[in-house]
Amino acid sequence: MIHRGEAEAIFAINHAISAPGNDWVDFFVEALGEFVLNGTEPRGYVDDEEAEWLIGALDQDGKLETMAELELLAYVMERAGNVPDSLKHYALRQIEAAVLSGTGPTRCGGELSDTHITQSECKLMRRFIFASGGHGPAAVSRFDAEMLFRVKDATLGADNAPDWRDLFVDSVANYLKGFTLAKAQLSHGRRKELEA
């Protein structure tokens with residue numbers, strides 16, 4: 001377990017590193033992901049205060065600075081049973097910004113491009129859209145579909161990866177078919193109540 005001061009120190013170190021290596025990114029994501037997800041009860045859930053802290057730590061100048069920060073956000077969204085709506089909306093804005101304006105290497109060896117959609121960007125979008133902590137766990141929500149349409153409109157005619165068409169069509173079809181469960185996620189308060 002780490003405490004808030006240590007978590008803030010890890011963020012400060014991350015901002016000071018100009019070219020973080022894979023070992024640092026792994027440490028950063030795991031340490032801070034565990035702090036956010038398991039620092040308070042119930043474990044695996046993010047409450048409003050934790051979400052506000054994470055957004056503030058990530059969003060110091062209006063955007064994510066490093067791939068480590070994007071990976072941390074994906075880690076939390078993928079592993080959380082649920083997160084507050086503020087963090088769900090923030091995560092979608094960040095993945096959209098990364099796809100439309102990001103450049104440089106991704107964690108898994110691919111590239112972010114600001115001129116077209118790469119295969120790595122498709123994988124990142126899929127992770128956020130179908131995250132268990134997202135708007136529609138294992139399903140596409142209206143918010144996800146709207147983000148996909150904005151990305152489609154911004155990259156129309158670009159030399160996009162073949163995976164982009166499949167992701168867009170499958171995701172929008174998933175949303176239109178209404179494949180969502182209203183009670184797919186327990187709220188933080190309800191989970192706490194059940195554990196008690």
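Structure data summary
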{"read-out": "Heavy-atom surface of the chain, accessible at 1.4 Å and reported per residue (Å²)", "value": "51"}
{"read-out": "Calculated P(r) of the chain - Cα pairs past 21 Å, %", "value": "52"}
{"read-out": "Computed over region 1-113, Kirkwood Rh from alpha-carbon pairs, angstrom", "value": "14.2"}
{"read-out": "In Å², nearest 10: area of Thr66 left accessible to a 1.4 Å probe", "value": "30"}
{"read-out": "Built amide H within the under 5 Å cut-off of Tyr45, gap 5+", "value": "Gly81"}
{"read-out": "Distance histogram for region 1-66 (every C-alpha pair counted, 10 angstrom bins, percent rounded to whole numbers)", "value": "20, 54, 24, 2"}
{"read-out": "Orientation-averaged projected area, Cα convex hull of region 76-177 (nm²)", "value": "6.0"}
{"read-out": "Cα centroid of region 1-76 to Cα centroid of region 112-179, whole Å", "value": "24"}
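The values are calculated or read from the model by the stated rules, or taken from the named source; none is laboratory data. All of these numbers come straight from a predicted model, not from anything done at the bench. Ligands, DNA and RNA are excluded from the accessible area calculation, which covers all protein heavy atoms including side chains. Shrake-Rupley method; radii C 1.70, N 1.55, O 1.52, S 1.80 Å.
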